[in-house]
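K.L.:
Sharing a structure, written as structure tokens. Questions coming.
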Amino acid sequence: MDITEVPVSQTEKAKKKKNKKPKSKRANEEGSGEGSGVEVKEEDVKMEKSEAGASFPPTFSVSEIKNKQRRHLMFMKFKQEKRKQKLQLKKKKKKERDALGDKAPPKEVPKTIENQRVYDETTVDPEDEEIAFDEGTDEFSTYFNGLTNPKVLITTSDRPRGRTVRFCEQLATVIPNAYVYYRRGLALKRVIPQCVARNFTYLIVVNEDRKVPNGLVLCHLPDGPTAHFKVSSVRLRKEMKRRGKDPTEHTPEVILNNFTTRLGHSIGRMFAALFPQDPQFVGRQVATFHNQRDFVFFRFHRYIFKNEKKVGIQELGPRFTLKLRSLQKGTFDSKFGEYEWVLKRHEMDACRRKFQL
Amino acid sequence: MCSRLALKVWREDSSEPVTELDVGKNVCRMRQSPAHRHKVATGGKDNNLKIWDLQKPEKPVFTAKNLRDDWLDLKRPHWVRDMAFIPDSDKVVTCTGYHQVHVYDPASPQRRPVLEAEYGEYPLTALSLPADGNTVVVGNTHGHIALLDLRKGLVRGCLKGLAGGVRALQCHPSQPVVASCGLDRFLRIHSLEDRKLQHKVYLKSRLNCVLLSSKDLEEVGGARGEAGSQEVKEEGEGEEDEVWDTMECVEERQKRKTTEEVTDGELKEKKKKKKGQD
């Protein structure tokens, strides 16, 4: 940067640099050796902005300039210089790399938040017997042993608006054996025993706020856990670009990505139990729940294998993202229920590299 | 042992109950007084606190009265979740499912609570008394653990860290530490003075109960380390007293209740690992 060329003794020059505009400054730089007498007068005039004090530190930061326009211009210059240096460095490295040829050291992997994730001790080990036993006896064991088939009831909060209604209808096409019912102001605690009596296994309640769905309560029915999610970024079928035709009645396959911790495992099982266990590969449809950074992304695709290595996919169906807010043991009971996990923002979101799911 | 309707007392060697008491329905908790071994307190949903003397099983020694009706003249709902006997006195402190903490004094003529305090908006599920009197530690279903002062009923501070509902709390008899376990599958040890988390152990199932034992759990080698840490040992279900043993009395909710037996060696290892990672 320009500053580095200024030696400490030339304190006045440095102060002057702060105050002058870039053009005139450049002129000053070039003529830094001579003509100092002329500039001294100018800098006397413009002294009011600079700091008093005999010893001026050689480094100065752009933020000390009080004039916003000049500061902005100085900052832009600073950034351009930095960019130029970065490009030069890159070129140099590339040259060295090419020169070394095969003996070049491997490329460094850039650090991402997922790379730097804090090790979570609750990560599930696939061979863990205790967890296997736990999962063999929890609420989803009947589903995973093939004893029950999922039957899903989808409803909304009271008086839903158009977008939410369409979202529920599209969800019902995506999830096989799903029924949409209009919520006529009924209390969920009364709805749940009725559902149990009619052999439903899941209850989904889509909550709406300002004409847009923003929450989802997923309740496993006989007496199972209730998960409450925040829904964001809902795209209905109309809004999807390059989408295929409507999904057929075939049961889709399910892909669950990246649910590594114990909590993630339970949530993954909850999602898996929404769909029947035997997918119909004829339909070539797949529903994906991808977890990244504690957000679960839902996508629904149709795939076709063009040859052994290439697959074409078409996105159909709605897409949305979910973030888990709480997991409650037992059916929906927000006042007296016991929570297995509650999102506490100030405690859990403090570290950017620590994730719960 | 307490079941839905009856409290049974068993002797260590016999298989038949020695005494049976009818304690009313929906009992959630039963605790034995550490000072007087024959005094037992029970309480549950819509079932007020009753203190029984096991030698006179017909009537409770003390029955608590419900709070006054509210301004609409409706009966106040009450749900006693946990109770504890305050040492050196006759008083009993209880916590309810309606986020209240009550202190009852059987010696005083009034059967209503002597002190009433509230904390949070969620049911309080666990309670424990630290070694120094005048404070009580309570935990609720959201994972909030608070220290309440019993002189005025104010909140002294909260212990942070739990993400799931608190199932059991246990304070150490001499050191100012408290162990908590809950549905988030972690056992945590907090210090009471500065309310910081000292240790955290991942135990893979949902925890139901924690007890501190003063004896060694297993005779595993001699190289133990400091005597101080030997005091704090966690075990699953206590085996000492047959009457003291039952923590869960009511079977109304079917859950997979599993408790963890953590051996001392494992615990130390895990503590070391935690210290390294934290």
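K.L.:
Which condition from (1) buried (at least 21 other Cβ atoms within 10 Å of the Cβ); (2) out of contact with any Cys (no Cβ under 6 Å at 6 or more places or on another chain); (3) assigned by TED's automatic domain parsing to the domain that holds residue B:20 is the one that residue B:63 breaks?
P.N.:
(1)
K.L.:
Residue check: is residue A:276 away from chain B (no Cβ under 14 Å), in contact (Cβ under 8 Å) with a residue 24 or more places away in the chain and more than 21 Å from residue A:224 (Cα to Cα)?
P.N.:
no
K.L.:
How do the strands (runs of 3 or more DSSP E) wholly within region B:32-109 filter down when requiring 3 or more residues that are within 16 Å of the chain's Cα centre (by Cα): which remain?
P.N.:
B:39-44, B:80-85, B:92-96, B:100-104
K.L.:
If you take the residues of region B:109-119 that are out of contact with any Ser or Thr (no Cβ under 9 Å at 6 or more places or on another chain) and of a type outside the set (D, E, K, R), which of them is farthest from the other protein chains (Cβ to nearest Cβ)?
P.N.:
Taking the candidates together, the pick is B:109.
K.L.:
Where residues in region A:301-357 are within 14 Å of chain B (Cβ to nearest Cβ) and of a type in the set (Ser, Thr, Tyr), which of them is nearest to residue A:261 (Cα to Cα)?
P.N.:
Among them, the one singled out is A:326.
K.L.:
Same structure, new question: I'm checking my understanding of the structure. Among residues of region B:154-189 that are surrounded by fewer than 16 Cβ atoms within 10 Å (Cβ to Cβ) and either closer than 14 Å to residue B:137 by Cα or in contact (Cβ under 8 Å) with a residue 60 or more places away in the chain (or both), which one is farthest from the other protein chains (Cβ to nearest Cβ)?
P.N.:
This residue is B:173.
K.L.:
Given A:256, A:274, which one is at pLDDT 90 or above and buried (at least 20 other Cβ atoms within 10 Å of the Cβ)? If you could, list the steps in order and put the result at the bottom.
P.N.:
Details: A:256 fails: buried (at least 20 other Cβ atoms within 10 Å of the Cβ).
None of the others qualify; the one that does is A:274.
K.L.:
With respect to residue A:183, determine if the residue is under 23 Å from residue A:141 (Cα atoms) and surrounded by fewer than 21 Cβ atoms within 10 Å (Cβ to Cβ).
P.N.:
On the way: under 23 Å from residue A:141 (Cα atoms): no; surrounded by fewer than 21 Cβ atoms within 10 Å (Cβ to Cβ): yes.
Judged against the criteria, residue A:183 is not a match.
K.L.:
Something else: Counting just the residues of region B:133-146 that are in contact with a Phe, Trp or Tyr (Cβ under 8 Å, 6 or more places away or on another chain) and away from chain A (no Cβ under 14 Å), which one comes out farthest from residue B:82 (Cα to Cα)? Even if it seems obvious, please write down each step before you answer.
P.N.:
Step one: of region B:133-146, the residues in contact with a Phe, Trp or Tyr (Cβ under 8 Å, 6 or more places away or on another chain) are B:138, B:140-144, B:146.
Keeping just the survivors that are away from chain A (no Cβ under 14 Å) gives B:138, B:146.
On the way: B:138: 9, B:146: 15 Å.
Only one residue tops the list, namely B:146.
K.L.:
Report, by residue number, each residue of region A:117-139 that is out of contact with any His (no Cβ under 8 Å at 6 or more places or on another chain), in a loop (DSSP other than H, G, I, E, B), under 18 Å from residue B:183 (Cβ atoms) and more than 7 Å from every other protein chain (Cβ to nearest Cβ).
P.N.:
A:120
K.L.:
Let me ask something else. Test residue A:285 against the criterion of being more than 14 Å from chain B (Cβ to nearest Cβ), of a type outside the set (Lys, Arg) and surrounded by fewer than 17 Cβ atoms within 10 Å (Cβ to Cβ), and give yes or no.
P.N.:
no
Conditions (1) farther than 23 Å from residue A:301 by Cα; (2) of a type in the set (S, T, N, Q); (3) surrounded by fewer than 17 Cβ atoms within 10 Å (Cβ to Cβ), marked per residue:
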residue	(1), (2), (3)
A:134	yes, no, no
A:139	yes, no, no
A:147	yes, no, yes
A:162	yes, no, yes
A:175	no, no, no
A:188	yes, no, no
A:191	yes, no, no
A:206	no, no, no
A:247	no, no, no
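K.L.:
Taking the conditions exactly as written (away from chain A (no Cβ under 14 Å) and either farther than 21 Å from residue B:188 by Cα or surrounded by 23 or more Cβ atoms within 10 Å (Cβ to Cβ) (or both)), does residue B:130 satisfy them or not?
P.N.:
no
K.L.:
May I ask you to list the residues in region A:157-187 that are assigned to a helix (DSSP H, G or I) and more than 25 Å from the chain's Cα centre (by Cα)?
P.N.:
Residues satisfying the conditions are A:162, A:165, A:166, A:169, A:172, A:173.
The values are calculated or read from the model by the stated rules, or taken from the named source; none is laboratory data. As the structure is a computational prediction, the values presented were derived from the model and not from experiment. Counting neighbours? That spans all protein chains shown, and the Cβs are built from the backbone with ideal geometry, glycine included.
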